[in-house]
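Visitor: Input: one structure, supplied below.
The values are calculated or read from the model by the stated rules, or taken from the named source; none is laboratory data. Quantities reported herein were computed from a predicted structural model and do not represent experimental measurements. Ideal geometry is used to build each Cβ from the backbone, glycine not excepted, and the neighbour counts take in all protein chains shown. To get the accessible areas, we keep the full protein, side chains included, count just its heavy atoms, and leave off ligands, DNA and RNA. Shrake-Rupley method; radii C 1.70, N 1.55, O 1.52, S 1.80 Å.
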Amino acid sequence: MDLSHRAQHAYTQELGTLVLLTVVSYGTYPLYWFYRNWTHLKEVNGLSLRPALRTLGLLVPFLNIFLIAQQLQQIRELSGTAEQKVYYPSVWVTIGLLALGYLWVGYTIVAIAMFSSEVPPTSLEAVSALVIDLFMALLVGLLLAAPQRALNSYWHTHHKDRSQALGLTPGEIAWIVIGGMVWTLSLAQGFLFG
């Protein structure tokens, strides 16, 4: 995903946009968020890492623990160099993200089994499944707001010469489209079987 069109802009992101994108994308936007941050950290700090491989690593159990903890710690350290220091408990954010991620995967497996069983779920069960998915995505977005706030502080300090980017990146738009399709399929399944 090409991030070069934002090179002249600061890499900040509105916290509300982050939370909204996480919810609208059915909770998958954080994959892009981590990818984008690794790309920016590589560029700014000259780190030798491969953002795409690290993002794929987020899908690997146990490796994802290391990758998430490492990035959140890097963000926390960067924020210490900002004019307005923003501290957050990176360990607790990591634990929260992992717990929600594993819960979401487990819950999704149960929901798929429920919707594919011979006895279709009731409307209440279908709506409950969607509300739980929405709530988990919202919690993930809220957890990521703390490190994003720290990043924003860092970018405001170190990219004073860059303007605030307006609009969404092509990657963010892609996540919205993908998430919209998943939400549509979930809603359709709920109404078809409910």
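Visitor: Under a 1.4 Å probe, what is the accessible area of the chain per residue, stated in Å²?
Guide: Heavy-atom accessible area per residue stands at 53 Å².
Visitor: Another question, then. Ignoring the sites themselves, what is the longest stretch of the chain with no chymotrypsin sites (Phe, Trp or Tyr not before Pro) in a DSSP loop and at most 16 other beta-carbon atoms within 10 Å?
Guide: 88-194
Visitor: Counting only helical runs of four or more DSSP H residues, what would the 222 nm mean residue ellipticity of the chain come to if each run contributes -39,500 (n - 2.57) and the total is spread over all its residues?
Guide: -24500 deg cm²/dmol
Visitor: Continuing with this model, one more query. Using the alpha-carbon atoms, what tilt in degrees (0 to 90, nearest 10) does helix 123-158 show relative to the longest principal axis of the chain?
Guide: Between helix and principal axis, roughly 0 degrees.
Visitor: Still on this model: When a/c is below 1.5 the answer is rounded, else prolate if a/b is larger than b/c, else oblate, so apply that to region 57-128 with a ≥ b ≥ c taken from the square roots of the Cα gyration tensor eigenvalues.
Guide: Note, shape of region 57-128 comes out prolate.
Visitor: Within 10 Å, at most 16 other Cβ atoms, and a DSSP state outside H, G, I, E, B define an exposed site. Report the longest part of the chain free of exposed trypsin sites (Lys or Arg not before Pro).
Guide: 1-84
Visitor: What is the local net charge at Leu49, summed over the other residues whose Cβ is closer than 12 Å to its Cβ (Lys, Arg +1; Asp, Glu -1)?
Guide: For residues surrounding Leu49, the net value is +2.
Visitor: Which one of Ala111, Gln74, Tyr35 is farthest out on the positive end of the charge dipole of the chain, using unit charges on Cβ (Lys, Arg +1; Asp, Glu -1) and the Cα centre as origin?
Guide: The residue sitting farthest along the positive end of the dipole is Gln74.
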